[in-house]
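A.B. asks: Quick one: structure below, then a few questions.
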Amino acid sequence: MSTPRVYVIHENPEWFPPLAAAFEAEGVPVQEILLTEGQIDLSAEPEPGVYWSRMSASSHTRGHEHSKEYTRAVLGWLERAGRQVVGGSHVLELEVSKVAQHGLLQNAGFDVPRTTAVFGTTTLKQAARTFTNGQDVPFITKHNQGGKGLGVRRFDSLAEFDAYVDSPEFEAPVDGITLLQEFLTAREPFITRVEFVGGEFVYAVRVDTSAGSFELCPADACEVPQVIAGAVCDVPGAEQPSAFSVRTEVTAEHRLVQQLRTFLADQRITIAGVEFMETTDGRTVVYDINTNTNYNPAVEESAPASGPRSIARYLGGLLETQYAAQLTA
């Protein structure tokens, strides 16, 4: 067997370089397991090490439609062999299902958006009428297996929604489940994402939504042009403002942060970003759990701690605890 190391299970090479740099800086041996193809010998023992799954719910948008299934197979093999897996099978199932996230958050007592899950498209228009009591009130759609704002659209009338469902623009969810969700109005034009590593608070990110975009992925590879005074800033070489910044007033002592810390511990989730919104009617609504969290470069420059470095230290600590003798031999 090889020297124990941290193995990172994922499917998107564009997201890995900041993590690779963090592991190198922390002196933690790391190796990628890119689950876009490959094989496992089910009769063999997995290599010694700590395995971290950061499979993304949006993998199918990058042509990796089966990576979720590959990950299910690999995680089951690792867990049956007794390897330590961070972000194991139970976390993967949460990552790929907003229905599951909604249910767990609701059961834990968090304020969550009123939501209906619609299976297939045949009853989608009627479900919208039931959801809005037949009224032309704003609501949004989401894909159950989301990430990157997949399927998130605002509708202000049932006629507008009907036209969309019947049009070539209709974006079918990969798992056939569309969510209808109440439209929430933020008290100020931003949402907050709270990052946890090793079950502990790292920092909170303020995500500016004034441009009206639902694309809230913080990774550098996800950056989209920002709207400035009605115009899109996409001039080559022009410095574009970042929608992401540290929200310094949200700390580890913040009541919601403490509640989320307890929730993640109860669910055995050690690395995650959780998003919430403060609304005009005084609600604090928690609506998304990202278990393959990415980190924004602009935030990392000013944050009190580094997300990737925190992950490298956390996983490196797990590795050292298990394989101290081998690592120092």
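A.B. asks: Which of the residues that make up the range 158-185 are under 30 Å from Gly282 (Cα atoms), surrounded by fewer than 18 Cβ atoms within 10 Å (Cβ to Cβ) and either touching a Ser or Thr at 6+ places or on another chain (Cβ under 8 Å) or not aromatic (Phe, Trp, Tyr) (or both)?
C.D. replies: Glu160, Glu182, Thr185
A.B. asks: Which of the following residues is under 24 Å from the mean Cα position of the chain (by Cα) and in contact (Cβ under 8 Å) with a residue 60 or more places away in the chain: Gln106, Gln101?
C.D. replies: After ruling out the rest, the residue left standing is Gln101.
A.B. asks: So if I check each of Gly87, Gly134, Gly109, which one is touching a strand residue (DSSP E or B) at 6+ places or on another chain (Cβ under 8 Å), of a type in the set (Gly, Ala, Ser) and on the phi > 0 side of the Ramachandran plot? Steps first, please.
C.D. replies: Numbers: Gly134 fails: touching a strand residue (DSSP E or B) at 6+ places or on another chain (Cβ under 8 Å); Gly109 fails: touching a strand residue (DSSP E or B) at 6+ places or on another chain (Cβ under 8 Å).
Being touching a strand residue (DSSP E or B) at 6+ places or on another chain (Cβ under 8 Å), of a type in the set (Gly, Ala, Ser) and on the phi > 0 side of the Ramachandran plot holds for just one of Gly87, Gly134, Gly109, which is Gly87.
A.B. asks: Please work out which residue is nearest to the chain's Cα centre (by Cα), limiting yourself to the range 129-175 and to residues that are of a type in the set (Ser, Thr, Tyr) and over 20 Å from Leu94 (Cα atoms).
C.D. replies: Tyr164
A.B. asks: Right, next: What's the total number of residues in the range 117-139 that are part of a strand (DSSP E or B) and under 14 Å from Pro173 (Cβ atoms)?
C.D. replies: 3
A.B. asks: Scan the range 192-211 residue by residue and report those that are farther than 20 Å from Val285 by Cβ and at pLDDT 95 or above.
C.D. replies: Of everything in the range 192-211, those that are farther than 20 Å from Val285 by Cβ and at pLDDT 95 or above turn out to be Val197, Gly198, Gly199, Glu200, Val202, Tyr203.
A.B. asks: Can you tell me which of (1) touching a residue at least 40 places away in the same chain (Cβ under 8 Å); (2) more than 30 Å from Lys68 (Cβ to Cβ); (3) surrounded by 15 or more Cβ atoms within 10 Å (Cβ to Cβ) is the one Thr132 doesn't meet?
C.D. replies: That leaves (1) as the condition not met.
A.B. asks: Just name the residue that is farthest from Arg54 (Cα to Cα) out of those in the range 277-329 that are of a type in the set (Asp, Glu) and not in a helix (DSSP H, G or I).
C.D. replies: Step by step, filter the range 277-329, then rank; the result is Asp281.
The values are calculated or read from the model by the stated rules, or taken from the named source; none is laboratory data. Because the structure is predicted, anything quoted here is derived from the model rather than measured. Cβ atoms come from the backbone with ideal geometry, glycine included; neighbour counts cover every protein chain shown.
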